[in-house]
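*Asks:* Would you mind keeping the following structure in view while I ask a few things?
What follows is calculated from the coordinates using simple rules that are stated; it is not laboratory data. Quantities reported herein were computed from a predicted structural model and do not represent experimental measurements. In this analysis, Cβ positions are derived from the backbone assuming ideal geometry, glycine residues included, and neighbour counts consider all displayed protein chains.
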Amino acid sequence: MKCSRCKQLACVSLPSHHSGFCAECYPIFFTRQVETAIRREKMFTHDERILVALSGGKDSLSLMLELAFQGYDVTGLHIDLGIPGSSEKARAKVENFCTAHGLSLQVLEMEKEGLPIPDIKEHVKRPVCSVCGRIKRHHFNRIALEGGYDALATGHNLDDEVARLFANTLRWDTAYLSDQGPVLPARQGFTRKVKPLFRLSEFETANYAFLKDIEIHSDPCPYASGASFTSHKELWGELEHRSPGQKFQFYQGFLKNGKPAFAAREQEIGEPLAPCIECGSPTSAGTCSVCRIKAAVRESKAKAAEA
Amino acid sequence: MITIHLEPDNEVIELHGTKTVLAVLNRLKLRSTMAIVARDGQLLTPDRRLNPGETLMVRKVTSAG
């Protein structure tokens, strides 16, 4: 296969773009996809400060490197979840990456926040992945607001977005369907959230990470089953194989035709937000979910100590 | 024989009778956009031919989210 740009031997084949690229031209394709996403969705400008959530995986590290390459003012934020045998490895990858590329990094330790994820697994009777995700989003938002950042960027790619949209559609979850998208504007205690990799698949970010010699943390989380999310991705992988480009069409079609209808409905029936009575974060339930989780862990630990 | 280092599973697999990257992916039950394949640090497209005795890195790209 020949490179679509320079006609040299290609190293990456992209059926959905009817294209192939060599090692020199592939990063140019990647850069253009990210540039297009930022420009068309009006995500942020070169005058703004961007906080980038870094897990240590291929997507977040590729995003950080690419935004820095494009001249954006970026700072990384890594949350050390405190999971033995896993979190220290992820943190080391993120710290080494930022040091190697001269990038700013902030690390939040859940142990110091009094809520390491092993405590949640032990004391909270809810799926640990969903609680962990909620806590991470809470702190990403809090730190972005407290640090005066203009936007929070995450490494969600097209496969993540399509799998989430598919799951939300299977449940007809109108609240999530009303605001899923590459940009969530700032509102009522929430920072602006952006997903500059939403036009790129996991395969595309994996190729970029490889060609840029990014050392990634690829070990699965020891607490994650990932079953439904991964099976949805595999299902979509098959559809994409049979009909290249279908993932992007499905997602773009939703943004254009589906999301506005769900957003209008949610405006009519959605719960109004108010500051959490304990921490001030926006919530529709008086006390926000993270403060409720903290209380549940405290109570469970106290009961365990009494017994 | 082709030796495969499968990531992130950290497995080593030996395949016989596979002459292209696509054939390797088929034997591993992977679609071409579900894994990246490299030989001697160079990425390979599915149409590339392989020689007996070569070693490949096959890295699955699907994250658990």
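*Asks:* Rounded to the nearest 5, what is the percent of antiparallel bridges among the DSSP beta bridges in chain A?
*Replies:* 35 percent
*Asks:* Now a separate question. Connecting C-alpha atoms closer than 10 Å in a GNM of chain A, tell me which of A:Ile277, A:Ile79, A:Ile50 has the biggest fluctuation.
*Replies:* A:Ile277
*Asks:* Considering every residue in A:20-28, what mean count of other chain Cβ atoms within 10 Å of its Cβ is obtained?
*Replies:* Average neighbour count from other chains, rounded to a whole number: 1.
*Asks:* Defining a contact as two alpha carbons under 8 Å apart and six or more residues distant in sequence, what relative contact order in percent does the stretch B:2-60 show?
*Replies:* 46 percent
*Asks:* Between A:Ala167 and A:Cys6, what's the calculated FRET efficiency when r is the beta-carbon distance and R0 is 41 Å? Round to 0.05.
*Replies:* Values: r = 40 Å, r/R0 = 0.98.
Plugging the Cβ-Cβ distance into 1/(1 + (r/R0)^6) gives 0.55.
*Asks:* Kindly provide the helix-only [θ] at 222 nm of chain A, computed as the sum of -39,500 (n - 2.57) over DSSP H runs of four or more divided by all residues, to the nearest 500 deg cm²/dmol?
*Replies:* -15500 deg cm²/dmol
*Asks:* Please give me, ordered by residue number, the trypsin sites (Lys or Arg not before Pro) of the stretch A:1-92 that lie in loop per DSSP and have at most 14 other Cβ atoms within 10 Å.
*Replies:* Numbers: sites: A:Lys2, A:Arg5, A:Lys7, A:Arg32, A:Arg39, A:Arg40, A:Lys42, A:Arg49, A:Lys58, A:Lys89, A:Arg91; in loops: A:Arg5, A:Lys7, A:Lys42.
Answer in residue order: A:Lys7, A:Lys42.
*Asks:* Here's something else I'd like to know. Want the number for A:Arg126 to A:Glu271: 0.36 nm per residue separation, take away the alpha-carbon distance, what's left?
*Replies:* 49.9 nm
*Asks:* Also, quick follow-up: Compute the long axis of helix A:128-146 from its Cα atoms, compare it with the longest principal axis of the Cα atoms of chain A, and write down the angle in degrees, 0 to 90, nearest 10.
*Replies:* Taking the Cα atoms of chain A, the angle to A:128-146 is about 80 degrees.
*Asks:* For the stretch B:2-60, list log₁₀ I(q)/I(0) at each q in 0.21, 0.24, 0.28, 0.30 Å⁻¹, using the Debye formula over Cα point scatterers of equal strength and ignoring solvent, two decimals each.
*Replies:* With no solvent term, the Cα-only Debye profile gives -0.70, -0.95, -1.39, -1.65.
*Asks:* Once you average over the residues of A:237-249, how many Cβ atoms of partner chains fall within 10 Å of each Cβ?
*Replies:* Counting other chains' Cβ atoms within 10 Å and averaging over A:237-249 gives 1.
*Asks:* Counting Lys +1, Arg +1, Asp -1, Glu -1, what net charge surrounds A:Gln267 among other residues with beta carbon under 13 Å of its beta carbon? Show your work: numbers first, answer last.
*Replies:* Working: positive: A:Arg187, A:Lys259, A:Arg265; negative: A:Asp179, A:Glu266, A:Glu268, A:Glu271.
So the surrounding residues net to -1.
*Asks:* Using the crude model of +1 on Lys and Arg Cβ and -1 on Asp and Glu Cβ, and no other charge, please compute the dipole size for chain A relative to its Cα centre, in debye to 20.
*Replies:* The calculation lands at about 580 debye.
*Asks:* Which whole-number percent gives the relative contact order of chain A, counting Cα pairs below 8 Å spaced six or more residues apart?
*Replies:* Numbers: 446 pairs, mean separation 60.9, N = 307.
Over chain A, the number comes to 20 percent.
*Asks:* Antiparallel versus total DSSP beta bridges in the stretch B:2-60: what percent is that, nearest 5?
*Replies:* Among the beta bridges of the stretch B:2-60, antiparallel pairing accounts for roughly 70 percent.
*Asks:* Calculate the length of the line joining the C-alpha centroid of the stretch A:169-219 to that of the stretch A:270-307, in whole Å.
*Replies:* Distance between centres, Cα-based: 27 Å.
*Asks:* Also, quick follow-up: Quick check: residue separation of B:Asn10 and B:Arg27 times 0.36 nm, minus the Cα distance between them. What number comes out in nm?
*Replies:* 4.4 nm is the gain from fully extending B:Asn10 to B:Arg27.
*Asks:* For chain A, set up a GNM with springs between Cα atoms under 10 Å and report which of A:Asp119, A:Asp80, A:Asp219 has the largest fluctuation.
*Replies:* Ranking A:Asp119, A:Asp80, A:Asp219 by mean-square fluctuation puts A:Asp219 first.
*Asks:* Around A:Val183, with a cut-off of 11 angstrom between Cβ atoms, what is the net charge of the other residues, counting Lys and Arg +1 and Asp and Glu -1?
*Replies:* With Lys, Arg at +1 and Asp, Glu at -1, the neighbours total +3.
*Asks:* Follow-up question, since we're still on this one. Working from Cα positions, state the angle (0 to 90°, nearest 10) between the long axis of helix A:158-171 and the longest principal axis of chain A.
*Replies:* 50 degrees
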